[in-house]
Structures are given as C-alpha cells and as structure tokens.
Amino acid sequence: PGVPRHANRLINEKSPYLLQHAHNPVDWYPWGQEAFDKAKKENKVIFLSVGYSTCHWCHVMEEESFKSKEIGEIMNEHFVCIKVDREERPDVDKVYMTFVQATSGGGGWPMSVWLTPDLKPFAGGTYFPPEDGIHRVGFRTVLLRIAEQWKENKDALLESSQRILEALRHTSAIRVQGQESPPPAKEVMDTCFQQLSRSYDEDYGGFSKSPKFPTPVNLNFLFTYWALHRTTPEGVRALQMALHTLKMMAHGGIHDHIGQGFHRYSTDQHWHVPHFEKMLYDQGQLAAVYSRAFQISGDEFFADVVRDILLYVSRDLSDGVGGFYSAEDADSYPTTTSREKREGAFCVWASEEIRALLPDPVEGATQGTTLGDVFMHHYGVEEAGNVDPMKDPYEELKGKNVLIARCSLELTAARFGLEPGRLRALLQECQQRLSSARAQRPRPHLDTKMLAAWNGLMISGFAQAGAALAEQEYVSRAAQAAAFLRTHLFDPDSGRLLRSCYRGKDNSVEQSTVPIQGFLEDYVFVIQALFDLYEASLEQGWLEWALHLQHMQDKLFWDPEGFAYFSTEAGDPSLLLRLKDDQDGAEPTPNSVTVTNLLRAACYSGRMDWVEKAGKILAAFSERLQKIPITLPEMVRATAVFHHTLKQVVICGDPQGEDTKEMLHCIHSVFSPNKVLMVADGDSAGFLYRQLPFLASLERKDGKATAYVCSNFTCSLPVTSVQELRGMLSP
C-alpha cells in the first residue's frame, strides 16, 4: 500500500481487458499507429496478443508469462508488443485468427501472433506455457527462437509472410461464381436437417458429445424447419430435438440454478460441468429461443426459463443508464482471504455448506427429512462432490458440487411424500437461502464494456420475450436499451453506429479518446433488434431508425462485385484482409441475419432492391449452403424465408383498443417464422403510410379492428375474428 504500481500505456485505455494488463512489466501498446511506427523505425517484430477480459486461459498466460519480469524483459528487448481486446476489435481478431487456424489447424484465446513491421503474420498459436514441457515448447523459447530467426533469416521470414498473405486472400474470398442464383430452399433445408439429425445426442440433447455449446442458431433453424414441415415425421423430429435440448440445458449445470442465466458452455456431454463465464450474447439469444419454445409448446417451463434469464440480465448485466454489460468472468476468489482465483468458485457448493444452510425439518415429509435432504437429492449433490475428476484436471472443483436437476419435480416429490406444488415452494426457499449465502462470496470480475452488437442481441431477447409472454416490462426494458444505443453508440452527425462505450465513475458512460466505429455485426444485430422492438412496441420511430441504419450498412460494407457484406469497411490500412464470416457459431454470422433483415426492411419500405440484395447474399454463399449447410443454419433458415416470401400482417385499428390488443396478442402467441407485423392506425401522415401507400386502401370492417395478411403488397380479404387470423398465420 502507498507504493505506486508500475504502469504501461494500457493504463490510458477504457477496455477492461487492456486495463487488466496495464501493470504488467511488458511494455504493451494498444493497436495503433504509435506501435506500428516504432516497429518500422526499430525494425522489430510485432508480438500481438489478443484476448478478452473473461477468458480463463488469458488469465493463466498473464499470470505465468506477462507478469514475469524475466519474460517481460525478453519481450521488451526484441519485440514491439501489442494487446488487443477481441470484443472491441473483432476485425483485428478475425484477420489473425484466420492465419492461426490456417497454419495450425486450431484457434482460440489468448491468440499469440508474430508479425513483420508491416503487420504480415509469419508465426502464431494460442496459449503457451512459460517453460518447455514434454509435449509443448515454452513461451520463453518461442520468443528467443523468433528473435534469433529475425536476426539471421529476416528475408526468408518476409518472403514467407507475403506468400502466407496471398494464400489467405485467395482461400478466404467469398464471392458469387458466374451467374449463380440463390440455392433452392427445400434441398438446403433438408440437407441441413439431416446433418444436424446425425450429430444430435438422443439422450442429452445438443449436437456433439463434448464440449457442448448452446448454439441457438441450430435451435432456431429446427423451429423453422418444424413450422414448414409440421405434418411430416421429419418436422416432428426437428421439434423434439429442439425442445429436448432446451429442457436438458435448463436442467443442467450450464444453467445457474441459484443466480440465474446461462454459463458459456458445458465441458461434458450431460450439460453438467460448465465453463463458468456468462456472456451477454448467450443470454440475449437464449431468451429469444426459449420464448419461441413457449410460443410453440405453450409449456410454462420455457416461459419460466425466459424470466430467469431476463432477471439475471436485469440484475447483474444492466447499466444504470440503460445499456447492457458484456460478460461475467469464470474465475473468482473462493473467500475474501484467498490469494488465488479459481474457476467456478462463486457458483459451486460443498455438501456441508448446503446442510448448514438448510437444516430445517420438512413438515409432512418422510420422518427426519430436512430441507437439505430434499434440495441435495433434487440437484444431485454428493457428500464428496459431484464433479468427475476427468472434467477437473486442475482440481479446482475437488469436493464441490455443480447443481444439476437430476429428477423431475414429480419424482422428487414422490420420493419425500410431498405434493409437487409444495416441493416447488420449498425449492424456491432453498434457492433464496443459497443465493443470500453466495452474495457474501467475492464476485467474479464484471466486464462493463457495452457493445452495440451484443446490446442488439439482448434488445431482441427482451422484445421477443415481452411479445411472446405478454410482459410489457420486458418491452419497456428493450426500449430503454435502444434509447441508450441512440444516445451513446450512435453519431447523429455522421449517421453511423459506434462499436463500444464503457461504464465510467458515478454511473457515467465514457467513450474512448478515438471512438471505434461500428462493424457489420453492430449494424446487423441493432437493425434486427429495432425490427423486433417495433413489432413488440409498435413505436414507428424504431422502424425509421432501422431503415436509416440499413442504408448506412449498404453504403459502408456491401461488396458490389462479389456480393454480400464485408465484416469491415474499406480504407483501414492496418487491416490486411477484408473478410466475410462464413460460419454461424456462438453468434450467427452477420450475413446470415442480414438476409432476413433485408426482407423485413423491404416489407416496411416497399424497396424491392433490398429483396434483390438478400438473394445476392444467398447466391454468394450458394456453394457452402448446398455442401455444408450445417455451418450456416441461420442462413439456411433465411433461405426458406426468402423463397416462401414474408407475409405482411397488417392490423387496422387503434393500438390502445381492446379489439386491436386481442388481435396483437393472437399474433404474438403464434410462432410464424415468415411474417412481419404492422399496425395501420389511420395516421396518414405517419412514417409507415409514407413508406407504403397501399396501407391507405385498407380499412376497418364494421368499425372493428381488422387484420389483412398481405404478400408482396397484395392483401387478403379482411378478417375480424381472432380464430380466422390464427389459421392464416401458419406458414
């Protein structure tokens, strides 16, 4: 205390990840001209380290290598060292990850890459241990070897880096081939379904043995496949696969049964032992997909999971001004006196802790039963811990329990002679006690960076949940976050989005000295969010802003020669490649989502060139969609929407009228993947009437709220009955 800590240049940054490294002995630079100029002037290799603030192995490499004075001296002497937060700069991350994956066959974070002074990569990997081991070369050795190679064989390294760059340019290009048109929906949908069906885990759900990721893109595809094939055996199987996966995830340890929300992924087949970080983009997508499961099944179980996710986000990932934070870390201190962080420490339990917190006898249960007995049986708690040692190589979870619902409520109730309703109340009481006890533990690090793209995904989650569950407070929270984006992550002078902003002191919101401009994913996920928010709130201002952003996206990112959108805009000399993502992963790839965005935009504006653009994207990805559609399930879904033509469901009525509300409730309660909703309220000066002149010809029948289902601006006969409307909404 009282001794000022050494600080490097990262101390002036806003990113929580960069600030974590601001006291390393390494002379880190942020990505930028100052570092590039130094490398050129001193003719030094650049060492680029990319990670994010809630990344477990990033923490490990920092502890082992970047905090080492000796390794720091080697790095400072031989290299210009640059740190990048991949969540702030996905553009930089993607360019060099493409290189690492192409040259090593794998990827991940932390990413470690060595570049020539003109930023061309020639060596790379992910995590390196500090010293040589039996199977791996150590970081110190790699640093010294590369320094030696640069000294002795610089020309060969430069030549090699140029060859590598040319090869990457060639292999990463996605463009339309000749006169290709969008691939046929039926074949692409069927192939994707068959590929998913083959990889499906019949017992536990999900689409691999381990690790298991939530992959909402797969589940959304299966829901759409079911909606278009609901009378066939394949359609029935698609729905069963999706609902079973969602149930198993919600019962599993990947779901936080005490603090709500979902962890990043499961390390095992059973969804039991997770990697404990929690990401905003998972919560947003899962809130939306569980809302759809509720729409389709009517099962309150799924609605409860939606409420659980949104409670977690509202409580733990929400900024006071309205935005959403990025993530919570997996690692934390087990106690206030601990010197070392452990993965999962905030979330796991020893059996004796639970017994001490839940000693009360349970009235009416079999004799001698305590609350602890009931809770431990239901959530699979074992005296010696329930974590398989194979899933805990560093023994961080030894003797601990990750809660997993092992039984149905009915089975647990029968075991202890209780009514299911009473058991539910008892379990809730237990959860509250454990939650209070957990609140006394040191919390994991919270990444308070706010990203436009991930806020967009979370706004969609709140808006879709608000519509499907008829919960107005969720729609209001979505609108508050959208207003936050317009104030803090949008520049009204240029009409452009910004990528990120940060929590400052006293609840303020701060921006970097040089704000990072929005990338394609920021535009795509925010536009999707604004369409979802319009359909939930019927506020036309969100629609107007969405269409403005779509025009800006076209201007900044469209590839007029090869079709589809680049991930980054042109003109940044520090980016060696302009790429187009080609895989729907933890988040859908922006080109996949933008196909549906463009179709929705055309329905709300009457601009058919946006439909044409959507077709051109599908044409550019046609080969991939036909050969390995399982890599692009969201784009496959969009292919079906493109070929089936969106239905414009128009309600003529007073938005506050009970008859209008009844029709809206009907529309929101039906899962219909190929519809857009609009309300024609008779305000001929309003935004929608200016965009779509045909609305003026639609009127109420007998003074009642009236629905029209239109296709390509040609409308059905008017409908005033909710039952008739429900029948017209099925695909």
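Some notes on this structure:
- Under a 5 Å amide H cut-off, with hydrogens placed 1.01 Å from N, VAL80 pairs with VAL45, ILE46, PHE47 among residues at least 5 apart or on other chains.
- Under-5 Å amide H pairs with MET450, H placed in peptide plane, nonlocal only: CYS501, TYR502, ARG503
- Carbon + sulfur, % of accessible area of region 9-172 - ligands and nucleic acids excluded, 1.4 Å: 49
- Report note on the peptides 59-65, 362-368, 260-266, 486-492: ranked by the mean count of other C-beta atoms within 10 Å, highest first, their order is 260-266, 59-65, 486-492, 362-368.
- Stokes-Einstein D (µm²/s) once Rh is taken as the Kirkwood radius of region 235-330 over alpha-carbon pairs, at 20 °C in 1.002 mPa s: 156
- Antiparallel content of DSSP bridges confined to the chain, in %, to 5: 70
- In the context of the full set of protein chains, residues of region 241-305 present 20 Å² of accessible surface per residue (probe radius 1.4 Å, heavy atoms only).
- Where both bridge residues fall in region 649-729, DSSP classifies roughly 65% of the beta bridges as antiparallel.
- When the Cα atoms of region 189-272 are aligned to their principal axes, the ranges along those axes come out at 39, 21, 19 Å in descending order.
- Net charge over other residues, Cβ less than 13 angstrom from the Cβ of GLY261 (K, R count +1; D, E count -1): -2
- Each Cα pair under 8 Å and six or more residues apart adds its sequence gap; the mean of these over the residue count of region 465-568 is a relative contact order of 21 percent.
- Normalised by 2.2 N^0.38 Å, where N is the number of residues, the C-alpha radius of gyration of region 551-692 stands at 1.24.
- Counted by Cβ distance under 14 Å from GLN480, the other residues give a net charge of -1, where Lys and Arg count +1 and Asp and Glu count -1.
- When the solvent-accessible area of region 347-440 is split by element, carbon and sulfur atoms take up 51 percent of it, the probe being 1.4 Å.
- Each peptide in 466-474, 47-55 was scored by the mean count of other Cβ atoms within 10 Å over its residues; highest first, the order is 47-55, 466-474.
- Ranked by the mean number of other Cβ atoms within 10 Å of their residues, highest first, the peptides 205-211, 344-350 come out as 344-350, 205-211.
- Relative contact order for region 9-172, counting Cα pairs under 8 Å that sit 6 or more residues apart, in percent: 23
- Within region 143-209, the GluC sites (Glu not before Pro) that combine a DSSP coil assignment with at most 14 other C-beta atoms in a 10 angstrom radius are GLU202.
- Dividing the radius of gyration of the alpha carbons in region 323-370 by their Kirkwood radius gives 1.22 for Rg/Rh.
- Alpha-carbon Debye profile of region 347-440, log10 I(q)/I(0) at 0.12, 0.14 Å⁻¹: -0.38, -0.51
- Over the chain: helical MRE at 222 nm, DSSP H runs n ≥ 4 each giving -39500 (n - 2.57), nearest 500: -15000 deg cm²/dmol
- Fraction in percent of alpha-carbon pairs per bin - 10 Å, region 9-172: 10, 42, 39, 9, 0
- Surface analysis of region 26-120 yields an accessible area of 34 Å² per residue, using protein heavy atoms and a 1.4 Å probe.
- Cα-based convex hull volume of region 615-731 per residue, rounded to whole Å³: 120
- Rg and Dmax of region 538-606, both derived from C-alpha coordinates alone, stand at 13.8, 43 Å.
- Relative contact order of region 347-440, pairs being alpha-carbon contacts under 8 Å that are 6 or more residues apart, as %: 31
- The chain - Rg (one decimal) and Dmax (whole number), Cα, Å: 26.8, 88
- When a 1.4 Å probe is rolled over the protein heavy atoms, the share of accessible surface on region 509-569 that falls to carbon and sulfur comes to 52 percent.
The values are calculated or read from the model by the stated rules, or taken from the named source; none is laboratory data. The structure presented is a predicted model; accordingly, all values stated were derived computationally and were not measured. Because the Cβ atoms are built from the backbone with ideal geometry, glycine has one as well, and the counts that use them run over all protein chains shown. Side chains are part of the model used for accessible areas, which takes the heavy atoms of the whole protein and leaves out ligands, DNA and RNA. Shrake-Rupley method; radii C 1.70, N 1.55, O 1.52, S 1.80 Å.
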